[in-house]
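Trainee: Take this structure first; my questions come after.
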Amino acid sequence: MELSIKERRSFLEEAENMSLQITNITQRLDYLSRISLAYKKIKDSSSFRTMNLKVQQLSQKAKIYKNLGESHWDLASFFRDYGVLDSAYYHFRAAYRSFDRMPVDSTSQSLRGRMLYSMGNIQDSYKDYLGAELSIAQALMIFQELDDNLRVYNCYNVLGVIANGMDNNKKSIEYYEKAMGYLDDLNSELKNRLSWQNQNNLSASLMSMEDYPAAKNVYYQLIKDKKLQSEAPKLYSQALASYAYCILKGENNLDGVSGYLDMASKINDSIGNLYNQARINQYYGELMMAQGDTAQAIQYARQSRNIAQETSNNDRLLEILRLLTQWDSDNAVAYSNAYYTLNENIKEEERAKRDKFARIRLETDEVIEENKFLTRQRQLWIAAAMALILMGIATMIIVTQRIHNNRLKFKQKQQESNQEIYNLMLSQQGKLKEGKQLEQKRISEELHDGILGQMLGIRLILSGLNEKGDPSAVEKRADFIEKLREVEEEIRTISHELSNASYQKFYNFIVSLEDLIDDIRKSSKISIGFEYSSKVDWDSLQGDIKINIYRIVQESLQNCVKHAKCNKVQVDMMVDDDMLELRITDNGIGFDTNKGKKGIGLRNVTSRVQKLKGTLKVDSNNGNGTQVLVQIPVESVVFNDEKQIEKTKQVLNV
């Protein structure tokens, strides 16, 4: 008596509890794996996924890679059955990685080959032909080494399908012929089925080459085989339809074409093969068109289109839309638009899947290649292990010492460069002081020779005029009073010049940064804001800190110009609790900080921050801009008194 689903589930739960009591981890995993598969067979997907995950976790923890690989294999088959091929590919790949970590023997090699074969089939279904060819070729080498003729046949057969998909029909036929050579050692029943499959694939390639007479001969050998009709009616129906099409395309006599298509259609109806019916209706349409019955041809083509849509047969649907565009001129534009839209959607989906497959492969290709190399060279490594270890240690010591020396030389050169830059800045400050002294001397001369001389002359003349009261004396006194006003104006002008020189001295470091930012703003057309704390005497910072802050701002803004594609940048600088904080924020495209290598610009910034014993944080995401935060400890920072700041502002506003 057959058990109900509820009873089966109950027994499986009891088996699970008993399995968990087994102390031998290998035996326990074997039983749990069987229970997982049993849930899959009764289509209890939730329990299957739960049990499968448990097997994966236990296998991973115990490092039993055979069970780990088989659990991924079961999950891959589950996703493949439900048509979720990208997830199926991922778990086939994970299974391959697990089997690759097993000891190398015929079992592990066969398991690896079978996973590669499954991955190649999925890649082929999404037209990732290059990736599929690579996977199948790797599987083929494994099966040839194991003398597994059945799977060697399967690999050559799939390689033929892949070559046909890449429109390399000659290569496709070559693969099919190679595949046929591996069928001799198989039992008769399996040999017949594979031989039928091989002949059908071979003739399909001949049809793609439009060698219809040759394809017709191969199909004729198929349809006259009585066993094919009884044992494989689906393939027999395909062969009948293809045979009819070869007659239609290769001969002027169309008699018999309709009969073969009718026979194929009846077989499809009897076995429920709706998928292949779209192809037969297309052939009916082409037959009607060859006979000059355009209306009937369009009707069959539309039926084929509807079936192709219903069965998600996109390749057939594209072909039908192409034919309808040619046949139905009244609706040609609509069919053409539908063809274009479907074709673009298919390409986009296939491209996305290929990219996903490429990312999955990229994760493990290096590990796989390394394992292959170690496997092939195992004996050599064992024989020379001690010598290689000693050589490695010696090389490591030499390389480490050289790296250490190079780092010391680099640091020394960097210190010399910083000292040279600082000396240059000191020299510039010296020139500034020299210029100030010259300006003071000039002003002193102006005051002594110009203003004091004028005031002395005016004083003496006014003293003489004070003794006179006539109108002429009054007029002269008024003129000299006007001259005194002019002298006052000249003194005011000199005062402004002195104030401006004071301002340039007080804000020398900030002015340098403002000039840098202004130059980049003008050359890049990017809006750059700059804010800093007015309470800090920025010129009191150590020279090394000022130089490196200047270079960090310069490098960060150059990165914004070169890479960020932004239109706005904000630079903020302040000091809080003996910690200088520099924040540079842009509204550009950002980047993924977890992927890729750092550019030389960011490495230079990192090096400068580390040299100042500070911290660097880069916060960025694709599409969300970038923020660079630099925090540097500073000592003995001078803060301006608020009254002094106000006084300075008043002086500057004179």
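Trainee: What is the distance, in nm, between label points placed 7 Å from the Cα along the Cα-to-Cβ direction at Glu635 and at Arg9?
Mentor: Each label point lies 7 Å from its Cα, and together they span 7.3 nm.
Trainee: Let me ask something else about it. Which residues among segment 529-550 fall inside the zone where the amide N is under 12 Å from a point 7 Å beyond the Cα of Thr593, along Cα→Cβ?
Mentor: So the set is empty, nothing qualifies.
Trainee: Oh, and also: Could you tell me the relative contact order of segment 1-82? Use alpha-carbon pairs under 8 Å, at least six residues apart, and round to a whole percent.
Mentor: Relative contact order here is 23 percent.
Trainee: Tell me, in nm to one decimal, what length is gained between Glu145 and Lys234 on full extension, where the rule is 0.36 nm per residue of separation less the Cα-Cα distance?
Mentor: Stretched fully, the Glu145-Lys234 segment lengthens by 28.6 nm.
Trainee: Which FRET efficiency, nearest 0.05, do Glu514 and Arg485 yield, Cβ-Cβ r, R0 35 Å?
Mentor: Efficiency computed from Cβ-Cβ geometry: 0.40.
Trainee: Identify the trypsin sites (Lys or Arg not before Pro) of segment 37-144 meeting these criteria: DSSP loop state and at most 13 other C-beta atoms within 10 Å of the C-beta.
Mentor: Hits after loop and neighbour filter: Lys43, Lys63.
Trainee: Sticking with this one: Of all chymotrypsin sites (Phe, Trp or Tyr not before Pro) in segment 46-127, which ones are in loop regions per DSSP and have a Cβ with at most 12 other Cβ atoms within 10 Å?
Mentor: Here the sparse-neighbourhood loop sites are Tyr82.
Trainee: Give me the net charge of Met51's neighbourhood, meaning all other residues with Cβ under 11 Å from the Cβ of Met51; Lys, Arg count +1, Asp, Glu -1.
Mentor: Overall, the nearby charge balance is 0.
Trainee: Here is the link list: Lys546/Lys568; Lys525/Lys617; Lys6/Lys43; Lys347/Lys595. Which ones come out longer than 23 Å on Cα distance?
Mentor: Lys546/Lys568; Lys525/Lys617; Lys347/Lys595
Trainee: Can I ask one more? Pop out the ³J(HN,Hα) list for segment 274-287 in order, Karplus 6.51 cos²θ - 1.76 cosθ + 1.60 with θ = phi - 60°, rounded to Hz; leave Gly and Pro as x.
Mentor: 5, 4, 6, 5, 4, 5, 5, 5, 4, 5, 4, x, 5, 5
Trainee: If each residue of separation counts as 0.36 nm, what is the full-extension length gain between Arg101 and Gln221 once their alpha-carbon separation is subtracted?
Mentor: 38.5 nm
Trainee: Taking the Cβ of Asn169 as the centre, find all other residues whose Cβ is under 12 Å away and add up their charges (Lys, Arg: +1; Asp, Glu: -1).
Mentor: -2
Trainee: Just to be sure I understand the model, the point goes 7 Å from the Cα along the line to the Cβ. What's the resulting Asn621 to Asn405 distance in nm?
Mentor: 4.9 nm
Trainee: Right, here's the next one. So if we plug the beta-carbon distance of Asp185 and Ala62 into 1/(1 + (r/R0)^6) with R0 = 51 Å, what FRET efficiency do we get, rounded to 0.05?
Mentor: My answer for the efficiency is 0.85.
Trainee: Checking the a/c ratio against 1.5 first, then a/b against b/c, what shape does the Cα gyration tensor give for segment 268-345?
Mentor: Here segment 268-345 falls in the oblate category.
Trainee: Right, here's the next one. Counting other Cβ atoms within 10 Å, which trypsin sites (Lys or Arg not before Pro) in segment 566-598 have at most 15 and lie in a DSSP loop?
Mentor: Lys595, Lys597, Lys598
Trainee: Sticking with this structure for a sec: If you take every residue apart from Ser77 with its C-beta less than 12 Å away from the C-beta of Ser77, what net charge results, scoring Lys and Arg +1 and Asp and Glu -1?
Mentor: It works out to a net charge of +1.
Each reported figure results from applying straightforward, stated rules to the coordinates on display, with no laboratory input. No experiment lies behind these values; they were computed from the predicted model shown. Cβ atoms come from the backbone with ideal geometry, glycine included; neighbour counts cover every protein chain shown.
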